[in-house]
Amino acid sequence: MVELRGVRHRYDGRLVLDLEHFAVPPGARLAVVGHNGAGKSTLLRLLALLETPSEGQVLFDGAPVPRRASPALRRRVTLVEQRPLLLRGTVLENIGFGLRVRGMEGSAAYKRTAEVAEQLGLLSLLERRRHELSDGEVQRVAVARALAVRPDVLLLDEPASSADRAASGALYRALAQEQSTPSARPMAICIASHQLEDAYRWAGDIRALADGRLSPVTPENLFRVELAPAGTDTMSARVGTIDILVTTDRAGPAVLAVPPGDIFVSLGALASSARNVLKGRVTRVAAHRAGGGVAVTADVGVELVAVVTTEAARELALAPDVAVVFSFKASAVRVF
């Protein structure tokens, strides 16, 4: 539906996005994940036709988008930014704004407004104004305003960053309900998020960005670091409160990626060639959607995710608060 080809985008000469191809197909349920500064918000603005890439093409339904996209085309794509702005007026007026612009008035507009307000738990807030809302409520109102007009492509930047668990659940249920509504053109939804648990629970397609490029590894365990020059090819990188040994000849700003499948999980320290041996406690155990197995999340000073077989998880009796050791080789750490 909307895609980028050979796109490179710069701000003040600095390359912030470098993508050979990125597409959001019709009916997609897509999540883009990555560290802060990875390029997620810039990607969404290009997909929303709000910015023109420095190089490359944006296409919609296979046709190149002109540098100044027509209002009719831009209305087919809606972006809700992480800190959205509400218009003056009530929540009811805000949710119904897009409908009024598109010519829907009266009972039909009110019915649609009430419908999305109910989905997102906003019915009791319809008469409130912006200054009477929390940040999480502002986010939900902005999402409701976008859903009300049923765009062909809905782009959401960290939509649950200010939401509690109940509000986050209502958001993802509302998105699923809207996508399941029969229509001539299925709605595609693309979310940018750093919340991996929500991304894995909701999305059918997960892509990771690292410094403006698609990462070849799964999106867990991505860390922005500063690599100091070293006299050997193995150096230590500070990540949160721990040090990770990595084999590289790079220096300066970098992103480390620790593939979850390369982390060995045990209940105690073992004799091995792994240079990184980190003790911690399990915080979460869940099925791993990318490739099967069990995803084991542990706090080892930072949160790391390892993937083990179902049999290994059962034999180790892995569960929240179980003490574990995560081990991995310095050569297993990818550097971008």
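Is segment 313-331 home to any residue that is modelled with pLDDT under 90 and either surrounded by 15 or more Cβ atoms within 10 Å (Cβ to Cβ) or part of a strand (DSSP E or B) (or both)? Checking segment 313-331: not a single residue is modelled with pLDDT under 90 and either surrounded by 15 or more Cβ atoms within 10 Å (Cβ to Cβ) or part of a strand (DSSP E or B) (or both). Looking only at segment 79-96, which residues are of a type in the set (S, T, N, Q) and either outside the structural domain of GLY39 (by TED's automatic domain parsing) or surrounded by fewer than 22 Cβ atoms within 10 Å (Cβ to Cβ) (or both)? Passing the criteria: GLN82, THR90. Starting from residues that are hydrophobic (A, V, I, L, M, F, W, C) and either surrounded by fewer than 21 Cβ atoms within 10 Å (Cβ to Cβ) or out of contact with any Pro (no Cβ under 9 Å at 6 or more places or on another chain) (or both), keep the ones in segment 193-205 and report whichever is modelled with the lowest pLDDT. That would be TRP202. Residues being under 19 Å from the mean Cα position of the chain (by Cα) and part of a loop (DSSP other than H, G, I, E, B) are entirely absent from segment 266-286.
Note on segment 122-133: among residues that are at pLDDT 90 or above and of a type outside the set (Asp, Glu), the one that is surrounded by the fewest Cβ atoms within 10 Å (Cβ to Cβ) is SER124.
A quick yes/no check of all residues on (1) without any contact (Cβ under 8 Å) to a residue 12 or more places away in the chain; (2) under 24 Å from ARG173 (Cβ atoms); (3) polar (S, T, N, Q); (4) touching an Asp or Glu at 6+ places or on another chain (Cβ under 7 Å):
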site	(1), (2), (3), (4)
GLU20	no, no, no, no
VAL32	no, yes, no, no
VAL58	no, no, no, no
PRO64	yes, no, no, no
LEU73	no, no, no, no
GLU81	no, yes, no, yes
GLU105	yes, no, no, no
GLU118	yes, yes, no, no
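Evaluated against (1) surrounded by 15 or more Cβ atoms within 10 Å (Cβ to Cβ); (2) at pLDDT below 90; (3) small (Gly, Ala, Ser), ALA166 falls short on exactly one condition, (1).
Being surrounded by 21 or more Cβ atoms within 10 Å (Cβ to Cβ), in contact (Cβ under 8 Å) with a residue 40 or more places away in the chain and either touching a Cys at 6+ places or on another chain (Cβ under 9 Å) or not aromatic (Phe, Trp, Tyr) (or both) holds for only one residue in VAL24, VAL16, and it is VAL24.
Yes/no matrix, rows are residues, columns are (1) small (Gly, Ala, Ser); (2) outside any loop (DSSP other than H, G, I, E, B); (3) more than 30 Å from PRO253 (Cβ to Cβ):
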position	(1), (2), (3)
LEU15	no, yes, no
VAL32	no, yes, no
GLY37	yes, no, no
PRO53	no, no, no
LEU73	no, yes, yes
GLY96	yes, yes, yes
LYS111	no, yes, yes
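Taking segment 20-57 as the range and being closer than 18 Å to PRO151 by Cβ and of a type in the set (Lys, Arg) as the test, the residues that pass are ARG29, ARG45.
The values are calculated or read from the model by the stated rules, or taken from the named source; none is laboratory data. Note that the coordinates shown come from a computational prediction; the quantities given were computed from them, not determined experimentally. Note that we place each Cβ from the backbone using ideal geometry, even for glycine, and neighbour counts take in every protein chain shown.
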